[in-house]
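I have placed the structure first, in the form of structure tokens, so that the comments after it can refer back to it.
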Amino acid sequence: MAELLQYLITGLAVGMVYALIGLCFVLIWKSSGVANLALGQLVLLSSWFTYSMLVQAKLPLWLGFMAVILFALALGWIIERVVLRPLIAQPILSLITVTLGLGYFIEGVVSFIWPWSVAALPRLFPKEPIHIGPTVVSQEHLWVAGISLLIFGLLSLFFRYHKMGIAMRATADDQLAVQACGIPVTTIFSRSWMFACVLAAVGGVLVSSIGGITFGLVETGLKAFSVVILGGLNSFGGALIAGPIIGLAENLGGGYLTPYLWGGIKDIIPFIIIIIVVIIRPYGLFGEERIERI
Amino acid sequence: MGLPCGTRNFKYDTDMAILRTRTHWALFILLLAFVFTLPLYLPNRWIGVANLIGITLVAATGLNILIGYCGQLSIGHAGFIAVGAYTSAILTNALGGEWFMLALPASGIMAGLVGLIFGIPSVRVKGFYLAITTIAGQFIIIWVINHWGITGGFVGIKVPYATIGDLIFRTQASQFYLIMGIAALSTFFATNLARTRVGRAFVAVRDNDLAAEVMGVNLFSYKLLAFFIGCFFAGIAGSLLAHWIGFMNAEHFTLTESILYVGMIIIGGLGTTIGPIFGVIFIRLLDQGLLFLTPAIEGAIPALPSGFATGIAPMLFGLTIILFLILEPRGIAHRWVLFKAAYRLWPFSY
């Protein structure tokens, strides 16, 4: 029983982080229709940058985080301006593969600048575990889940009430109509990349403050795709619900299936979920079903 | 534009022929003679590089059929190569190297069947969904390989030399003929596949799958057929790779390798037969060039960070993929066509 609760809470918390990273995908997909496969690499890069700011440059926490956010904004702007702007209106195949190339490039940059391949961020959250009944829950996971929820709330408010957020939703809906209304579509694209990179940075800091910075973060980014696939590619709420589901499936499955199957099943479960979802319900739980016409 | 001035067709089979003029034939035979005498004047190390190029070419040709002709984006190609490599490794370990002639097609068929499993979603989804499905497929395949007992797990598995009759492919030079022979055959097959009913159906599916379906192309069978053929080639390449290296573990089949394969056919030119050849040679020679240049650059500029050696290769590869997509999405193959046209029209460029 204690074991079960443990898995449940860890799963929910990890799932929230997946959801946060998945959100960064949804943001870009919704506004510009680009499938960003470099998600994991963006997370990795911003985690290493945080490491540089906090550990190598020894900045105080608040200044360090300001620097990280600024860095993420700049990164998003540069990526959109240099890599994706020239490819507007190209076939989806090019848009997907260009992010693959981008991810490859970023991986190279990371091992170029930070060749250690493993590092730990300073502790951001208190470490003492909390006892809830018979279970021991690490406080870090709860903090992470809380922060992710907070960001979700802020984002949904932004998309509901802020002018920019409304413009982004409109762009996702119909680019031509938006242009006719006088909304600069390229600015929207650029902003959504900037926001997405900030999300990736926050997600990266949260994940790596618990698990350290490794190349495994790239895989974390890939696992976040199971969240978007399950939740639906263009649904924020879907990501919010699918994240914890994936986290739970991963932790419960890892906990209870490992004795019966080969080890390491935990890392594969999100990928198995992807395949099942794509076969059964490709547009996800809350995604919009695309009806194609010739 | 594709032919010299004054070439006329009087019969359907001259119209269909790939090699039309005597110059074509002469150049083609010269090229074949050049390629197949390479081991005579290349040092052993470079024969090895040529072997790697040949193996990669077989796999890239398969991927080109899948992505370039049929438009089904697969980013799990290294996983399918792994299936072929391990099938061949396990079969020849159990039966002996003389059974290579059986193991080679078996590994192709095995990879093709696994490809079918991960190709099934392609019937309902495309684009990004398919990309993610194949990435998931890659991870699942590698996980199975790492944990299933008969594959040797994380440790790896030793592979005997390929043997046909009395011939044991032990040296780089002898393997060169095996690999290049198969590479030439697969290029020949791919060239002709594109001109058949199946190839044209693939192109129709790529350009607009709904319209193709309305025209009477059975999407289910043609998409799955594309997956089977593409992964069959991957399996053949995997088998060759296993016998060439002589030792297999899952380290050879990472996701980055899969991305590199996609990069190769983009750089070469999607949907052309000559594209994969250019792309594979470009990437593999770039790799070799880096291998030579990196120590020299590091020696000349001591101020470089220590991550230079490991970081420069992915940076360059990623950059090449991005630049090609932005500046020349039709790849080197298109430049090649332009070059041929320019040289035919020279000195009057109109």
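The values are calculated or read from the model by the stated rules, or taken from the named source; none is laboratory data. What you are looking at is a predicted structure, and each value in this text was computed from that prediction instead of being measured. Cβ atoms come from the backbone with ideal geometry, glycine included; neighbour counts cover every protein chain shown. Note: accessible area is taken over every heavy atom of the protein model, side chains too, but ligands, DNA and RNA are not part of it. Shrake-Rupley method; radii C 1.70, N 1.55, O 1.52, S 1.80 Å.
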Inset, instruction - Tally the residues that are without any contact (Cβ under 8 Å) to a residue 24 or more places away in the chain and either acidic (Asp, Glu) or within 14 Å of chain A (Cβ to nearest Cβ) (or both), restricting the search to region B:91-124. - result: 3
Legend entry - Failed condition for B:Leu316, given (1) within 25 Å of B:Tyr69 (Cα to Cα); (2) open to solvent by 30 Å² or more (accessible area, probe 1.4 Å); (3) in a helix (DSSP H, G or I): (1)
Inset, instruction - Kindly provide the set of residues from region A:111-154 that are within 14 Å of another protein chain (Cβ to nearest Cβ), open to solvent by less than 40 Å² (accessible area, probe 1.4 Å), part of a loop (DSSP other than H, G, I, E, B) and not hydrophobic (A, V, I, L, M, F, W, C), ordered by number. - result: none
Inset, instruction - Would you be able to tell me the number of residues in region A:230-254 that are open to solvent by 10 Å² or more (accessible area, probe 1.4 Å), within 22 Å of A:Gly165 (Cβ to Cβ) and hydrophobic (A, V, I, L, M, F, W, C)? - result: 3
Inset, instruction - Would you point out which residue out of A:Leu59, A:Leu63, A:Leu44 is open to solvent by 10 Å² or more (accessible area, probe 1.4 Å) and either on the phi > 0 side of the Ramachandran plot or part of a helix (DSSP H, G or I) (or both)? - result: A:Leu63
Legend entry - helices (runs of 4 or more DSSP H) (entirely within region A:185-285) containing at least 3 residues that are among the small types (Gly, Ala, Ser), out of contact with any Leu (no Cβ under 6 Å at 6 or more places or on another chain) and more than 14 Å from chain B (Cβ to nearest Cβ): A:185-211, A:236-257
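Of everything in region B:283-311 that's among the aliphatic types (A, V, I, L, M) and closer than 21 Å to B:Ile53 by Cα, which residue is farthest from the other protein chains (Cβ to nearest Cβ)?
Here is the first cut: in region B:283-311, the ones among the aliphatic types (A, V, I, L, M) are B:283, B:285-286, B:290-291, B:293, B:296-297, B:300-301, B:303-304, B:309.
Now narrow it down to the ones that are closer than 21 Å to B:Ile53 by Cα: B:283, B:285-286, B:290-291, B:293.
Numbers: B:Ile283: 12, B:Leu285: 18, B:Leu286: 13, B:Leu290: 11, B:Leu291: 15, B:Leu293: 15 Å.
Here the answer is B:Leu285.
Evaluate region A:172-185: report whether one residue or more is of a type in the set (Val, Ile, Thr), within 19 Å of A:Val205 (Cβ to Cβ) and open to solvent by less than 60 Å² (accessible area, probe 1.4 Å).
Narrowing region A:172-185 to residues of a type in the set (Val, Ile, Thr): A:178, A:183, A:185.
Going one step further and asking which of them are within 19 Å of A:Val205 (Cβ to Cβ), we end up with none.
There is no residue in region A:172-185 that is of a type in the set (Val, Ile, Thr), within 19 Å of A:Val205 (Cβ to Cβ) and open to solvent by less than 60 Å² (accessible area, probe 1.4 Å).
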Legend entry - Complete set of residues in region B:330-345 that are under 15 Å from B:Ile265 (Cα atoms) and without any contact (Cβ under 8 Å) to a residue 12 or more places away in the chain: B:Arg335
Inset, instruction - Kindly check whether there is at least one residue in region B:47-63 that is within 27 Å of B:Pro329 (Cα to Cα), of a type in the set (A, V, I, L, M), open to solvent by less than 10 Å² (accessible area, probe 1.4 Å) and within 14 Å of another protein chain (Cβ to nearest Cβ). - result: yes
Inset, instruction - State yes or no: is A:Val218 within 20 Å of A:Phe158 (Cβ to Cβ) and among the β-branched types (Val, Ile, Thr)? - result: no
Legend entry - From the options B:Ala60, B:Ala103, B:Ala89, B:Ala78, residue that is under 26 Å from B:Tyr261 (Cα atoms) and touching a strand residue (DSSP E or B) at 6+ places or on another chain (Cβ under 8 Å): B:Ala89
Legend entry - region A:89-103 - residue that is surrounded by fewer than 24 Cβ atoms within 10 Å (Cβ to Cβ) and free of Cβ contacts under 8 Å to residues at least 12 places away in the same chain and, of those, farthest from the other protein chains (Cβ to nearest Cβ): A:Ala89
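Of all residues in region A:137-175, which are under 15 Å from A:Leu240 (Cβ atoms) and either in contact (Cβ under 8 Å) with a residue 40 or more places away in the chain or in contact with an Asp or Glu (Cβ under 7 Å, 6 or more places away or on another chain) (or both)?
The first filter runs over region A:137-175 and keeps only residues under 15 Å from A:Leu240 (Cβ atoms), leaving A:144-160.
Listed by number, the residues that qualify are A:Val144, A:Ala145, A:Ile147, A:Ser148, A:Leu149, A:Ile151, A:Phe152, A:Leu155, A:Ser156, A:Phe159.
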Legend entry - Any chance A:Leu257 is modelled with pLDDT under 90, among the aliphatic types (A, V, I, L, M), open to solvent by 50 Å² or more (accessible area, probe 1.4 Å) and over 23 Å from A:Thr99 (Cα atoms): yes
Inset, instruction - Restricting attention to region B:161-173, report how many residues are open to solvent by 30 Å² or more (accessible area, probe 1.4 Å) and either part of a strand (DSSP E or B) or polar (S, T, N, Q) (or both). - result: 5
Legend entry - Residue identified as outside any loop (DSSP other than H, G, I, E, B), open to solvent by 60 Å² or more (accessible area, probe 1.4 Å) and of a type in the set (D, E, K, R) among B:Arg284, B:Arg344: B:Arg344
Legend entry - Members of region B:3-29 that are assigned to a loop (DSSP other than H, G, I, E, B) and either touching a residue at least 24 places away in the same chain (Cβ under 8 Å) or over 25 Å from the mean Cα position of the chain (by Cα) (or both): B:Leu3, B:Pro4, B:Cys5, B:Gly6, B:Thr7, B:Arg8, B:Asn9, B:Phe10, B:Lys11, B:Ile18, B:Arg20, B:Thr21
Inset, instruction - Just name the residue that is least open to solvent (accessible area, probe 1.4 Å) out of those in region B:146-158 that are in contact (Cβ under 8 Å) with a residue 12 or more places away in the chain and within 11 Å of chain A (Cβ to nearest Cβ). - result: B:Asn146
Legend entry - Qualifying positions in region B:319-329 - facing another protein chain (nearest Cβ under 7 Å) and in a helix (DSSP H, G or I): B:Leu319, B:Ile321, B:Ile322, B:Leu325, B:Ile326
Legend entry - Residue in region A:66-87 that is most open to solvent (accessible area, probe 1.4 Å), counting only those that are over 21 Å from the mean Cα position of the chain (by Cα) and free of Cβ contacts under 8 Å to residues at least 60 places away in the same chain: A:Val82
